[in-house]
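Reviewing the structure listed below.
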Amino acid sequence: MRAVLIKGGSGGVETLYLGEAPEPEIGSRQVLVQVKAFGLNRMDISQREGKYPPPPGASSILGVEFSGVISKLGPGVEGWAIGDPVMGLAGGGAYAEYIAVASTHIIPKPASMSWVEAASIPEAFLTAYQALIMIGKMQKGDNVLVHAGASGVGIAAAQLARFFGAQTVTATTSTQEKIDWLLNMPNGPTHAANYKTEDFSAVVKKLTDGKGVNVVIDFVGQSHFSKNIDALAVDGRMTMLAMLSGSIAEKVNLAPLLYKRLHIEGSTLRSRTAEYQADLIHQFASNVLNYISGEEGNEPIKTYIHKVYPWEQIQEAHREMEANANMQVFLAVS
């Protein structure tokens, strides 16, 4: 089969090329999916650079989210048939014509969605759902702060927060152009702040009459940590998903963690157990999936595509992802 490979196993964008790889074999309770589209994620860049190896047992081929058609069923698979259109989450292997994946890690593709729209759902929306609902325990009436607001996960998190009844949802980003776009989204964030020119903790405290937010979703780490602590309300929860500004936060005042009874939890999705991922996928599919549509659809939650490339242009796509860290990029396989 054709697949995107890396010369020498790791390196810069120039090491990516379209080559040949063995078609994956499927085991018990796995399916083989003919991939129609796959998404690019920041972790793909880290893996390509040799900084983020795939989990044990996962394909070394890049890519964790995809859409496609089931072409083979492994022993013990129930509830699926050859020809079913699906989208799914994997530990790796999506940058290819075929991917082997557990039958618990695929979801039926809504008929109203294109292949690209469906491929944009798994990683971004599952990560956002996990951070907001399963870890952040967001409740109706909560105030929510979402960093990297124009990223795939940020866009998903803001919409999910509104869907589940948040009182305010404040998204942070770095340009007025992105703020304008976010605030014009149907059911997107209610407010936005430019973290380069504004103190986002002051912004959210003003919106909440000084109380602060109940939930923070953070990808940034070091540069935002102290302000996040300041922004959180009593009994507030923060989910940390990445550390884009660095992992060492110096001169942090720990006292608010005690007197505000704060809960801070870090999380990744790719390294979770298959059982955890399957439960997350089941919860998401049951509670949210039917309320998501493409950008032109009528559902309260939408998926937005920044740009689509043919996969022969994989190097250009990775360059676009590196230059636009807060946007989604997808490739259609043809």
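The values are calculated or read from the model by the stated rules, or taken from the named source; none is laboratory data. Computed from a predicted structure; not experimentally measured. Backbone-built Cβ (ideal geometry, glycine too); neighbour counts: all protein chains shown. Ligands, DNA and RNA are excluded from the accessible area calculation, which covers all protein heavy atoms including side chains. Shrake-Rupley method; radii C 1.70, N 1.55, O 1.52, S 1.80 Å.
Return the residue satisfying two criteria in turn: it lies in region 7-28 and is within 19 Å of ALA323 (Cβ to Cβ) and either over 23 Å from the mean Cα position of the chain (by Cα) or of a type outside the set (A, V, I, L, M) (or both), and of such residues it is surrounded by the fewest Cβ atoms within 10 Å (Cβ to Cβ).
Here the answer is GLU14.
Could you tell me whether VAL144 is in a strand (DSSP E or B), open to solvent by less than 10 Å² (accessible area, probe 1.4 Å) and more than 17 Å from LYS36 (Cβ to Cβ)?
yes
Can you pull out the residues in region 111-141 that are assigned to a helix (DSSP H, G or I), open to solvent by 10 Å² or more (accessible area, probe 1.4 Å) and of a type in the set (S, T, N, Q)?
THR127
So which helices (runs of 4 or more DSSP H) are wholly in region 161-231 and hold at least 3 residues that are farther than 23 Å from HIS263 by Cα?
176-183
Out of everything in region 187-233 that is open to solvent by 40 Å² or more (accessible area, probe 1.4 Å) and of a type in the set (Ser, Thr, Tyr), what residue ends up being farthest from ALA148 (Cα to Cα)?
Here the answer is SER226.
Farther than 24 Å from ASN143 by Cα and either at pLDDT 95 or above or in contact with a helix residue (DSSP H, G or I) (Cβ under 6 Å, 6 or more places away or on another chain) (or both), is that true of GLY246?
Yes.
Condition check: open to solvent by 90 Å² or more (accessible area, probe 1.4 Å) and not in a helix (DSSP H, G or I). Does ILE264 satisfy that?
Against the criterion (open to solvent by 90 Å² or more (accessible area, probe 1.4 Å) and not in a helix (DSSP H, G or I)), ILE264 does not qualify.
Which residue pairs have Cβ atoms under 6 Å apart, sit 6 or more places apart or on different chains, and have a first residue in region 274-294 that is more than 16 Å from HIS105 (Cβ to Cβ) and assigned to a helix (DSSP H, G or I) and a second that is of a type outside the set (D, E, K, R) and open to solvent by less than 20 Å² (accessible area, probe 1.4 Å)?
Pairs that qualify, where the first residue is more than 16 Å from HIS105 (Cβ to Cβ) and assigned to a helix (DSSP H, G or I) and the partner is of a type outside the set (D, E, K, R) and open to solvent by less than 20 Å² (accessible area, probe 1.4 Å), are TYR291/ILE301.
Could you pull out the residue among VAL31, VAL4 that is open to solvent by less than 20 Å² (accessible area, probe 1.4 Å), in a strand (DSSP E or B) and more than 22 Å from ARG319 (Cα to Cα)?
VAL31
What number of residues within region 234-244 are assigned to a strand (DSSP E or B), buried (at least 20 other Cβ atoms within 10 Å of the Cβ) and of a type outside the set (Ser, Thr, Tyr)?
Total satisfying the criteria: 4.
Restricting to region 78-114, name every residue that is of a type in the set (Val, Ile, Thr) and either at pLDDT below 95 or in contact with a strand residue (DSSP E or B) (Cβ under 6 Å, 6 or more places away or on another chain) (or both).
Hits for region 78-114 are ILE82, VAL86, ILE99, VAL101, ILE106, ILE107.
Condition first: touching a helix residue (DSSP H, G or I) at 6+ places or on another chain (Cβ under 9 Å) and outside any loop (DSSP other than H, G, I, E, B). Now tell me which residues in region 53-69 satisfy that.
Within region 53-69, GLU65, PHE66, SER67, GLY68 meet the criteria.
Only one of GLU312, GLU299, GLU320, GLU316 is open to solvent by 50 Å² or more (accessible area, probe 1.4 Å) and either under 27 Å from ASN184 (Cα atoms) or at pLDDT below 90 (or both); which?
GLU299
Give me the pairs, please: first residue somewhere in region 127-141 and over 15 Å from PHE163 (Cα atoms) and of a type outside the set (A, V, I, L, M), second residue anywhere and in a helix (DSSP H, G or I) and open to solvent by 10 Å² or more (accessible area, probe 1.4 Å), beta-carbon distance under 8 Å, and either six or more positions apart or on two chains.
Listed pairs, sorted by first residue: THR127/VAL153.
Could we say that MET43 is within 21 Å of TYR309 (Cβ to Cβ), modelled with pLDDT under 95 and within 25 Å of the chain's Cα centre (by Cα) here?
Judged against the criteria, MET43 is a match.
Cβ contacts < 7 Å: first residue free of Cβ contacts under 8 Å to residues at least 12 places away in the same chain, restricted to region 1-26; second residue open to solvent by 50 Å² or more (accessible area, probe 1.4 Å), any location; separation 6+ or different chain. Result?
Hits for this filter: LYS7/TYR17.
Looking only at region 147-172, how many residues end up being closer than 11 Å to HIS191 by Cα, of a type outside the set (Gly, Ala, Ser) and open to solvent by less than 10 Å² (accessible area, probe 1.4 Å)?
Total satisfying the criteria: 3.
I'd like to check something: does region 49-69 contain any residue that is in contact with a Lys or Arg (Cβ under 7 Å, 6 or more places away or on another chain), crowded, with 19+ Cβ neighbours inside 10 Å and among the hydroxyl-bearing types (Ser, Thr, Tyr)?
yes
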